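To keep things clear, I will list the structure first and then write my remarks on it.
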Amino acid sequence: MNKSGETTWKSFSDIGEGWFPLVDTFEKLVDWDERFNNMPPVQITSVKEKLGQLRIYYNGGDVKTDAYASFVRSYSERVCEECGEPTSLRVEGHLIRTVCDECL
Ligand SMILES: [Zn+2]
């Protein structure tokens, strides 16, 4: 993440906007640790949906960065990827996504 706070991951991600706040949360946690907790700089390299979960890939960081990415991955199973409403991971045949009934 650059120091201006400008978000760049949206330019290379096609996740639904319901998950944008989760990535924002990840960035805020990382930003705080970079500033106040000596976390090595983190550069997000990829943000994608895989098997119904939000996956954030990055360079740099430390064990806490891994914990934050793991947290948002787990949390994404409870948030509709399209609208952000509470829902749960859906496995129906070949469909594996986290979307609510309205957005399916
Ligand atoms: Zn929805």
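No lab work stands behind these numbers, since they all come straight from the coordinates. Since we're looking at a predicted model, the values are computed, not measured. We place every Cβ from the backbone using ideal geometry, glycine too, and count neighbours over all the protein chains shown.
Below, the figures for the structure above:
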| item | result |
| --- | --- |
| At q = 0.19, 0.24 Å⁻¹, base-10 log of I(q)/I(0) for the chain (Debye sum, equal scatterers on each alpha carbon) | -0.89, -1.26 |
| Selection from Ser76, Leu95, Ser46, by position along the positive dipole direction of the chain (Cβ) | Ser46 |
| Lys48 versus Ser74: modelled label distance in nm, points set 7 Å from Cα along the beta carbon direction | 2.4 |
| Total charge dipole magnitude, segment 9-97, about the Cα centre, Cβ charges on Lys, Arg, Asp, Glu only, Debye to nearest 20 | 180 |
| Options Phe12, Gly61, Trp32, ranked by Cα towards positive dipole end of segment 9-97, top entry (Cβ charges) | Gly61 |
| For segment 59-104, convex hull volume per residue from C-alpha positions, Å³ | 92 |
| Whole-number percent relative contact order across the chain, with pairs defined as alpha carbons under 8 Å at least 6 apart | 26 |
| Neighbour count of at most 12 Cβ within 10 Å plus DSSP loop: longest GluC sites (Glu not before Pro)-free window in the chain | 7-101 |
| Calculated FRET efficiency for the pair Cys83/Asn59, C-beta based, R₀ 30 Å, to 0.05 | 0.45 |
| 222 nm mean residue ellipticity, helices alone, for the chain (DSSP H n ≥ 4; -39,500 (n - 2.57); rounded to 500) | -9500 deg cm²/dmol |
| Helix axis angle, 63-75 relative to the chain longest principal axis, alpha carbon, degrees | 20 |
| Within-10-Å neighbourhood charge of Thr65 [Cβ basis; K, R +1; D, E -1] | -3 |
| Cross-link partners of Lys48 among aspartates and glutamates (Cα-Cα below 18 Å; sequence separation of 8 or more within a chain) | Asp14, Glu17, Asp24, Glu27, Asp66, Glu77, Glu81, Glu82 |
| Helix 20-36 vs. the chain, principal-axis angle (Cα, 0 to 90°, nearest 10) | 20 |
| C-alpha center-to-center spacing [segment 81-104, segment 1-77] in angstrom | 21 |
